[in-house]
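A quick write-up on the structure given underneath.
The values are calculated or read from the model by the stated rules, or taken from the named source; none is laboratory data. Please read these numbers as outputs of a predicted model, since none were measured by experiment. Here the Cβ positions follow ideal geometry from the backbone for every residue, glycine too, while neighbour counts run over all protein chains shown. Each accessible area value is taken on the protein alone, full model and side chains, heavy atoms only, with ligands, DNA and RNA left out. Shrake-Rupley method; radii C 1.70, N 1.55, O 1.52, S 1.80 Å.
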Amino acid sequence: MTQVAHPASASAAGTVTHAASSAQVQEAVRDAAARGDVLRVVGAGTWLHAGRPVRAASSLSVRALAGVVEYVPGDLTITAWAGTTLEDLDRVTAEHGQWLALDPFGLREGTLGATVATGSLGPLAASFGTPRDVVLGLQCVTGDGEIVHGGARVVKHVAGYDLVRLMTGAWGTLGVLTMLTLRLRARAPVDATYAVSVAAPLREWIPAYRAASVAPLATELLNGATAAALGVSNGTTALVRVSGNDEAVAAQEKALAQLGSVRPVSNDTWAALARRDPARPTAALRLSHRAARVADVWELATALARDVPDAVVHATLDRGIARVVLPRISEADLMTRLRPPTECARVCEVLPASLWQELAPSAVSDPLSQRVRAAFDPERRLNPGILGEA
Amino acid sequence: MSSAALERQLGSIVGARYVRSRAAELLVYESDGLPGYRKRPSLAVFPGTRDEVVAVVQLLARERVAFVPRGAGTGLSGGALADGVVLIGLNRLTRIIDLDPASRLAVVEPGVVNASLSRAAHVHGLHYAPDPSSQAACTIGGNVAENAGGPHCLKYGVTLNHVVAVNAVLPDGTVTSFGSADGEREGYDLLGAFVGSEGCFGVALDVTVRLTPNPRAVRTLLADFLSIDAAARATTATIAAGIVPAALEMMDAGTIRAVESSIYAAGYPIDAAAVLLIELDGLAAGLDRDVERVVAICEEAGARGVRVAQSEAQRVKLWQGRKKAFGAMGRIARHLFVQDAVVPRTQLPNVMASIAAIAERHGVRVCNVFHAGDGNLHPNIPYDGNDPSQRERVHAAMREIMQACIAVGGTVTGEHGIGLDKLGYMPLIFSQDSLNRMCRLRDAFDPHRLANPGKVVPVRSCREWHGFVGREASLGSAAAS
């Protein structure tokens with residue numbers, strides 16, 4: 001375990017502790033407790049600029065806690081340390097014709113731990129679910145420095161209370177994730193992506209899409225600017241990924257052609273979409289509602305981005321989620337756009353730090369959530385404030 | 001409060017006829033689907049509305065009286081047994097509150113029977129995917145409590161993956177909501193914690209579940225093997241080929257013979273060592289190509305033959321044998337111990353061999369019928385529970401089977417839960433620190449330990465357990481210690 005001065009922090013008081021084992025994470029948490037210090041938990045650091053109101057000068061990095069612990073391809077499960085990057089997992093599993101069906105927006109240099117801790121999802125969530133559906137088991141270090149595990153290394157497991165779901169999306173406030181077991185998928189013989197133009201009004205297009213004989217792995221609606229930037233077309237476009245044997249894929253291509261002009265595009269388009277996010281946008285957020293309301297969600301999302309240069313707007317149709325990334329926008333303009341209440345649920349990914357409290361009120365201030373926090377991190381030592389909690 | 005006074009007050013909430021206290025009336029609630037345990041509740045109360053459920057729980061919370069929520073009582077872990085505490089029966093709450101085909105969601109009361117939800121959704125071309133074998137009787141509330149599975153969970157996922165929101169009354173009487181049907185909800189995944197908490201975290205008042213489009217085409221295959229090993233190899237190879245069957249079930253010789261000599265006879269080959277029941281579904285295009293591929297995989301693994309159902313009637317018959325296998329075993333002996341464990345898929349051949357050896361050593365007959373695609377085993381032992389020597393041998397064999405599953409990296413339950421029956425195995429798969437943390441999580445939901453006391457986590461694992469929280473709670477937990 002090494003301690004170095006915080007490279008990115010202006011407040012020189014902060015140090016970064018690098019842990020390379022569960023025992024070192026435990027030691028770092030216990031040391032922090034002994035000092036009365038609080039910790040910001042960091043993986044590859046891709047979330048550091050999200051503006052989240054974390055009150056911690058010292059950081060604990062699990063980036064060095066990396067590597068595959070156990071991988072038996074026939075089991076279609078993999079166990080890896082939390083600091084393992086998604087691209088490393090992609091490489092290891094691809095050798096066996098398998099993949100981890102988690103494709104959060106952003107870089108594949110991001111870590112597994114951060115993906116699970118933030119509950120990040122991407123287009124594949126439409127068919128394979130979010131991290132809560134993919135993580136089978138985990139090990140973590142609680143805020144009071146105990147090593148705890150939940151779940152198992154098998155694909156079905158209901159023994160005991162579900163610590164896995166609880167830790168997933170908890171932003172590290174219940175425990176520092178150290179090791180994860182995930183469900184993998186075998187690659188189908190054919191896996192193809194099509195750009196389908198959405199010429200009709202979305203409200204008419206969606207029912208036709210839902211009635212079509214397609215079973216997509218992912219369907220992501222792109223605004224014209226995003227579609228153009230990815231080189232797939234110039235107007236509103238649905239990027240549809242289908243898989244199976246060649247007969248099944250060919251039939252689905254035909255079915256898609258009923259919905260608009262269809263063009264096969266590279267599967268790399270998905271990675272390009274994930275990387276499309278500007279490095280440090282002013283704001284990124286998701287709007288959502290039940291699936292039948294996705295056209296309303298899309299309208300709100302496009303309105304939110306109107307006249308913002310290079311805004312990225314895309315929607316995971318089958319989950320009723322639209323995502324908006326605003327690269328450069330003044331805080332005043334952002335407030336004007338986000339202040340009016342809407343019927344849609346809103347999840348903020350990135351905001352200016354000064355607006356976080358007002359625009360993203362804490363979702364863990366209820367008594368039960370506070371008791372759950374206290375059960376795992378009684379002193380609120382891990383990522384205090386990251387969920388907007390007082 | 002005296003028990004007579006409690007009975008009166010409960011009666012004033014739900015109506016006197018919905019409170020039962022006479023021994024003869026309580027007899028039917030002494031067991032669930034697992035033989036071997038008999039626990040009698042002090043009272044049974046049957047609220048008929050959501051408000052009555054809330055009022056009952058609030059009364060019990062106020063009086064610090066422990067309780068056990070119960071659905072249809074089909075559980076297989078003793079989880080719904082109430083040992084001298086109040087039993088809250090939820091089977092009067094059977095309304096489907098809302099069905100939204102456009103968003104593929106349904107809101108149901110906890111007492112809605114699993115299969116009846118699918119029947120109601122059928123007109124919209126939808127169904128509720130988790131399909132435990134007891135689906136004709138078990139309730140959605142019970143499914144949520146146990147995070148129930150079923151054959152088709154291989155492709156479609158278990159209960160957890162299909163529940164999007166729950167309104168619940170916590171054991172302290174607070175009404176709260178978990179999850180959301182209307183978009184993403186931030187904060188801790190308390191819904192995920194609630195699903196599968198075996199009735200320890202509160203009582204569901206309504207459940208919003210995802211409905212799944214009915215597949216456009218279905219093919220059901222029966223592959224016939226002369227060794228379990230070959231059937232296990234075919235299982236692994238099918239999934240590794242990138243084909244995700246809707247279901248992939250294995251039945252061994254003991255199960256095949258039990259089914260074929262019962263009224264559920266499905267035409268399984270009675271001289272086979274194992275059969276695989278494989279279902280492929282999805283779009284019509286390309287489905288028969290996948291069928292050909294699976295047939296080839298089975299043949300490469302050594303299948304003697306593979307039969308594809310040629311009509312819906314044949315398909316239903318093949319499934320009937322599988323779904324009613326437990327019932328068919330009922331003909332063999334008075335009692336049936338239905339076991340549940342999960343092993344890594346690649347360990348199936350090893351574990352099946354271990355199970356056969358253990359059965360032989362203890363002189364018991366094991367019938368295996370299980371979700372091979374998930375590695376989720378159900379080794380079942382028919383026996384006569386009135387014979388103490390048989391009972392002892394069955395329990396000894398079951399313990400060894402569980403240990404064999406744990407030894408290869410498996411776990412002790414994939415879909416039936418811990419309940420009372422598997423408390424003793426918890427320290428074998430979780431460290432003391434992990435168990436203690438589970439106790440603390442339980443205390444966050446239920447500080448007075450009133451809901452389903454003595455289940456899931458052995459009480460002695462809770463470090464700060466003082467041994468006496470309330471008279472009723474300690475009565476219930478005595479069973480676990």
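Which of the residues spanning the stretch A:173-215 are outside any strand (DSSP E or B), of a type outside the set (Ser, Thr, Tyr) and open to solvent by 30 Å² or more (accessible area, probe 1.4 Å)? Selection gives A:Arg187, A:Pro189, A:Ala199, A:Ala200, A:Pro201, A:Arg203, A:Glu204, A:Pro207, A:Ala208, A:Arg210, A:Ala211, A:Ala215.
With the structure loaded, tell me whether A:Asp296 is acidic (Asp, Glu), open to solvent by less than 50 Å² (accessible area, probe 1.4 Å) and within 14 Å of another protein chain (Cβ to nearest Cβ) or whether it fails that test. Against the criterion (acidic (Asp, Glu), open to solvent by less than 50 Å² (accessible area, probe 1.4 Å) and within 14 Å of another protein chain (Cβ to nearest Cβ)), A:Asp296 qualifies.
Candidates are the residues of the stretch B:363-389 that are of a type outside the set (Asp, Glu) and open to solvent by 30 Å² or more (accessible area, probe 1.4 Å); the one that is farthest from B:Gly36 (Cα to Cα) is B:Gly363. The set of residues from the stretch A:111-144 being open to solvent by 20 Å² or more (accessible area, probe 1.4 Å) and part of a helix (DSSP H, G or I) comprises A:Ala114, A:Ala126, A:Ser127, A:Phe128, A:Arg132, A:Asp133. In summary, helices (runs of 4 or more DSSP H) completely within the stretch B:133-247 and bearing 3 or more residues that are within 12 Å of another protein chain (Cβ to nearest Cβ) and out of contact with any Pro (no Cβ under 8 Å at 6 or more places or on another chain) occur at B:190-194, B:228-240. Total residues in the stretch B:350-391 satisfying the condition of being within 14 Å of chain A (Cβ to nearest Cβ) and part of a helix (DSSP H, G or I): the figure is 5.
When the stretch A:351-377 is filtered for residues that are within 16 Å of B:Met438 (Cβ to Cβ) and more than 9 Å from chain B (Cβ to nearest Cβ), only A:Asp377 remains. Figure legend. Inter-residue proximity from the stretch B:324-349: first residues within 14 Å of chain A (Cβ to nearest Cβ), second residues polar (S, T, N, Q) and open to solvent by 20 Å² or more (accessible area, probe 1.4 Å), beta-carbon distance below 8 Å, spacing 6+ or different chains. Indicated pairs: B:Arg345/B:Thr236; B:Thr346/B:Thr236; B:Leu348/B:Thr236. Quick check: is even one residue across the stretch B:117-125 farther than 18 Å from B:Asp421 by Cβ, among the hydrophobic types (A, V, I, L, M, F, W, C) and open to solvent by 50 Å² or more (accessible area, probe 1.4 Å)? Scanning the stretch B:117-125, I find at least one residue that is farther than 18 Å from B:Asp421 by Cβ, among the hydrophobic types (A, V, I, L, M, F, W, C) and open to solvent by 50 Å² or more (accessible area, probe 1.4 Å), so the answer is yes. Here A:Ile147 meets each of (1) farther than 30 Å from B:His378 by Cβ; (2) buried (at least 24 other Cβ atoms within 10 Å of the Cβ); (3) within 7 Å of chain B (Cβ to nearest Cβ) with one exception, condition (2).
Looking for something within 30 Å of B:Ala325 (Cβ to Cβ) and either within 9 Å of chain A (Cβ to nearest Cβ) or modelled with pLDDT under 95 (or both) - is there at least one such residue anywhere in the stretch B:460-470? Checked against the condition, which is being within 30 Å of B:Ala325 (Cβ to Cβ) and either within 9 Å of chain A (Cβ to nearest Cβ) or modelled with pLDDT under 95 (or both), the stretch B:460-470 yields no hits at all.
Here the condition is being more than 14 Å from B:Asp189 (Cβ to Cβ), part of a loop (DSSP other than H, G, I, E, B), in contact with a helix residue (DSSP H, G or I) (Cβ under 9 Å, 6 or more places away or on another chain) and within 9 Å of chain B (Cβ to nearest Cβ); of A:Ala159, A:Ala170, it holds for A:Ala159 alone. Restricting attention to the stretch B:239-262, the residues that are modelled with pLDDT of 95 or more and within 18 Å of B:Ile297 (Cβ to Cβ) add up to 6. Taken over the stretch A:244-262, the residue count meeting the criterion of being more than 12 Å from A:Ala208 (Cβ to Cβ) and assigned to a loop (DSSP other than H, G, I, E, B) is 2. Among the residues of the stretch A:67-79, is any within 30 Å of A:Ala390 (Cβ to Cβ), out of contact with any Phe, Trp or Tyr (no Cβ under 7 Å at 6 or more places or on another chain) and surrounded by 23 or more Cβ atoms within 10 Å (Cβ to Cβ)? Within the stretch A:67-79, none of the residues are within 30 Å of A:Ala390 (Cβ to Cβ), out of contact with any Phe, Trp or Tyr (no Cβ under 7 Å at 6 or more places or on another chain) and surrounded by 23 or more Cβ atoms within 10 Å (Cβ to Cβ).
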